1. Among Gly168, Ala138, Val196, pick out the residue whose Cα is farthest towards the positive end of the charge dipole of the chain, where Lys and Arg carry +1 and Asp and Glu carry -1 on C-beta, about the Cα centre.
2. How many Å² of accessible area per residue for the stretch 80-186, probe 1.4 Å?
3. Leaving out ligands, DNA and RNA, what percent of the accessible area of the chain is carbon and sulfur, probe 1.4 Å?
4. Taking the Cα centre of the chain as origin, work out the dipole magnitude from +1 charges on Lys and Arg Cβ and -1 charges on Asp and Glu Cβ, in debye rounded to 20.
5. Of Lys148/Lys218; Lys3/Lys148; Lys148/Lys240, which pairs sit farther than 20 Å apart, going by alpha carbon to alpha carbon?
6. Looking only at the chain, where both bridge partners belong to it, what percent of the DSSP beta bridges are antiparallel (to the nearest 5)?
7. So which aspartates and glutamates can Lys37 reach, going by Cα to Cα under 12 Å and dropping same-chain residues fewer than 8 places off?
8. Assign unit charges at the C-beta atoms only (+1 for Lys and Arg, -1 for Asp and Glu), then state the dipole size of the stretch 13-114 relative to its Cα centre in Debye, rounded to the nearest 20.
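The values are calculated or read from the model by the stated rules, or taken from the named source; none is laboratory data. Because the structure is a prediction, the values reported are computed rather than measured. Because the Cβ atoms are built from the backbone with ideal geometry, glycine has one as well, and the counts that use them run over all protein chains shown. Accessible surface areas use protein heavy atoms only, side chains included; no ligands, DNA or RNA. Shrake-Rupley method; radii C 1.70, N 1.55, O 1.52, S 1.80 Å.
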Amino acid sequence: MKKIGFIGLGSMGMPMAQNLLKHGFEVTGFDLSVEKKELLRQYGGQTAETLPELAVGQDYIILMVVNYEQVEDVILNSGLLESIEDHTTIIMMATCPSDQIAELSKRIASRKAIKLLDAPVSGGVAGAIAGTLTVMAAGDEAVFEEAKPVFEAIGSRIYHVGPEIGQGSMTKTVNQLLCGVHIAATAEAFALASKVKIDLSIILDIMSESSASSWMLKDRGPRMLKEQPEITSAVDIFVKDLGIVLNTGNNIRTALPIAACAHQMFLAASGLGYAKEDDSQVIRSYYAMNNITDA
């Protein structure tokens with residue numbers, strides 16, 4: 001039985017850890033939340049009180065944390081790296097800037113010879129629960145092949161996108177560009193319809209089965225019609241992710257004007273007080289901008 005140390009038991013991390021348990025892996029989790037650790041124990045997992053404790057004896061250590069800063073802090077500043085054994089593979093699954101992940105791999109290598117995979121995921125909370133995430137993994141192909149059973153426990157679409165650390169994160173950056181733009185475009189279309197008093201439920205029904213449809217329209221559209229939708233991904237997640245997209249474009253001198261517009265709309269929604277609300281609530285920035293008060 002392979003042993004996995006799982007760091008970050010949030011809305012996606014917890015169901016991912018559960019699916020690993022269901023597939024026969026021995027999972028030891030770490031999270032700052034005492035409640036999350038207790039919940040993992042109820043599901044049959046184990047927990048560690050410190051990151052160095054978690055590192056000992058693991059075949060894989062998965063990081064499903066919020067951002068690059070947390071990835072860097074966990075690996076370099078917590079004592080985790082010093083406690084990892086030679087056979088262990090670190091799998092970095094958070095959404096991070098590709099250049100920072102590539103540089104981090106060099107800093108890790110300068111301190112310790114360790115196997116690494118840069119493997120962000122897409123599919124949201126629903127995909128994490130269902131075990132149908134898309135995995136975009138980069139790194140040594142032999143290390144990827146060894147880790148495939150881990151990926152197959154949490155995802156249904158598994159890709160090796162390249163041999164270099166950072167290529168996985170770049171693939172996720174492209175993915176997030178499209179996701180953010182599609183959500184913002186749906187909100188913009190709904191705002192136009194709302195302005196002229198067309199029932200948005202009818203718009204959603206028509207557009208979902210027309211050539212204008214998208215996965216995001218079908219998933220986020222119904223939540224845009226609710227005043228308080230369930231939160232699966234917050235507005236500020238796309239403030240962060242589209243910020244990564246734009247910084248990447250700046251670094252490699254690639255113009256991304258549509259992504260920039262979408263970023264501004266998420267940023268506006270955050271500023272209006274919807275930062276922690278579901279990302280579908282980017283529609284509130286369109287309503288505010290167009291003086292739509294009865295939607």
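1. Val196
2. Working: 4130 Å² over 107 residues.
On a per-residue basis, 39 Å².
3. Values: 7390 of 13550 Å².
Answer for the chain is 55 percent, counting heavy atoms of protein chains only.
4. Values: 24 positive and 35 negative charges, 83 e Å.
Dipole about the Cα centre, nearest 20: 400 debye.
5. Details: Lys148/Lys218 31 Å; Lys3/Lys148 14 Å; Lys148/Lys240 29 Å.
Exceeds cut-off: Lys148/Lys218; Lys148/Lys240.
6. Details: 4 of 29 bridges.
Percentage antiparallel, nearest 5: 15.
7. Hits, sequence-local ones excluded: Glu49.
8. Numbers: 8 positive and 15 negative charges, 37 e Å.
With Lys and Arg at +1 and Asp and Glu at -1, about 180 debye.
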